[in-house]
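J.: Input: one structure, supplied below.
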Amino acid sequence: MLPTDWRAGRFVGRWDGGEGPLPILLDHGVLFDMSRVSPTVSGLLDVAVAGGIAMGEVDVLGEGQLLPPVDLQCIKAAGVTFAASIVERVIDERARGDHRKAATIRSTIEAAIGGGLRAVKPGSDQAVALKAELVSVGYWSQYLEVAIGPDAEIFTKAPVLASMGWGDDIGVRSDSSWNNPEPEVVLVVNGRGEIVGATLGNDVNLRDFESRSALLLGKAKDNNASCAIGPLIRLFDDEFGLEDVRDATVNLTVEGEDRFILRGTSMMREISRDPAELVRQALSEHQYPDGFALFLGTLFAPTEDRDEAGAGFTHKGGDIVTISSPRIGTLVNRVTTSASAPPWNHGIGALMQNLARRGLLAA
């Protein structure tokens, strides 16, 4: 699960050996139990600095479970941040939930607007002119508004502590018939508003729900087990920073029990809005005292037919989804339904009770 140069990096995560979660730090190949420095990853990232974190106890992990690397942070996401995904969102809107219409609409939309979007800087004079042109020919869309307008789409992906980690099952709604993975880089911001690291995420998406109405975004995005983050947070330091995120490649493989294989690649250099700008907009009128994780969006929008010709891709139970980036790591999850995935029953109250019982909340 670790990146190729893991011995040169610094990584924060969470581990449960049976008593409850504890923050861990993997620093240049040495593992530390950080629970006595801070009982939460949120608190640990507030004391993280470029030169290092005050060290905890050297640890050797026994049997247990790797947890999602965030705990008290809000889980936010930016949508429609790549030109290719912009076209797919406009298709969603016009298909009104019917995946059989997607192929025909796609060819029409790409001929009309596909190439022009890739060179436009959101909020620029060029974007204003393009908007006026698209309105005049009847192709304007709410998705194009957030794609090239001044305001990014920033939404809440999942409640605090509701995300899944490496190796966990991820869920799609049992009443969804058109859905897909969304492999993304996730920036992690501490309580002071500083971008301190990056990890990977799967912003599982229900295309049929969102395409019926943008007001169904909550049902399309926030369901039991529908958000995966991991495996670890790579901290920014002299070896890895925001420029490496801007230059990252994110690879996706979906392997089905029906022997269907889907592959895709997302190049962060093709993002329409700079990652730092997305963080700035998330913070512009809001505070996050426990920090937040921000999905940056994806270039990948699968169009390959899985079963019916012209129907495109949708998940099936048992799909193995692998998301990887050479300097961030590899996130692997198996697809099930949100109804069949283990219920989310360990919230903030349960975490605080556990930490108190273990004596980790003492000053």
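J.: Applying the Karplus parametrisation 6.51 cos²θ - 1.76 cosθ + 1.60 with θ = phi - 60° to the phi angles of the range 173-180, what ³J(HN,Hα) value in whole Hz is obtained for each residue in order, glycine and proline being reported as x?
T.: Running phi through 6.51 cos²θ - 1.76 cosθ + 1.60 with θ = phi - 60° gives 4, 5, 9, 9, 10, 8, 8, 7 Hz.
J.: Also: Label the range 195-351 by shape, choosing from rounded, prolate and oblate, from the square roots a ≥ b ≥ c of the eigenvalues of the Cα gyration tensor; if a/c is under 1.5 it is rounded, and otherwise prolate applies when a/b is larger than b/c, oblate when it is not. Intermediate values should be presented prior to the final figure.
T.: Details: a/c = 1.56, a/b = 1.30, b/c = 1.20.
Prolate, since a/c reaches 1.5 and a/b exceeds b/c.
J.: Another question about this same structure. Using a Cα distance threshold of under 21 Å, what count of lysine pairs results for the chain when pairs must be 8 or more residues apart or interchain?
T.: 9
J.: Roughly what % antiparallel, to the nearest 5, for the DSSP beta bridges in the chain?
T.: 85
J.: I want the local charge near P39. Using Cβ-Cβ distances under 10 Å, sum +1 for each Lys or Arg and -1 for each Asp or Glu among the other residues.
T.: On the way: positive: R36, R358; negative: D71.
Counting the neighbours of P39, the net charge comes to +1.
J.: Something else now. Mind giving me the nanometre distance, one decimal, between the label points for K121 and V30, set 7 Å out from Cα along Cα→Cβ?
T.: 4.5
J.: Now a separate question. Obtain the nm distance between the two label points defined at R100 and D274 by a simple spin-label model: each point lies 7 Å from its Cα along the Cα-to-C-beta direction.
T.: 4.8
J.: For labels at R192 and T156 in the simple 7 Å Cα→Cβ model, what's the distance in nm?
T.: That separation, rounded to one decimal, is 2.7 nm.
J.: Which Rg and Dmax, in Å, describe the Cα atoms of the range 268-322?
T.: Spelled out, the Cα radius of gyration and Dmax of the range 268-322 are 17.1, 49 Å.
We did not get these values from a lab; they are worked out from the coordinates using the rules stated. Because the structure is a prediction, the values reported are computed rather than measured. No Cβ is skipped: glycine too gets one built from the backbone with ideal geometry, and neighbour counts run over all protein chains shown.
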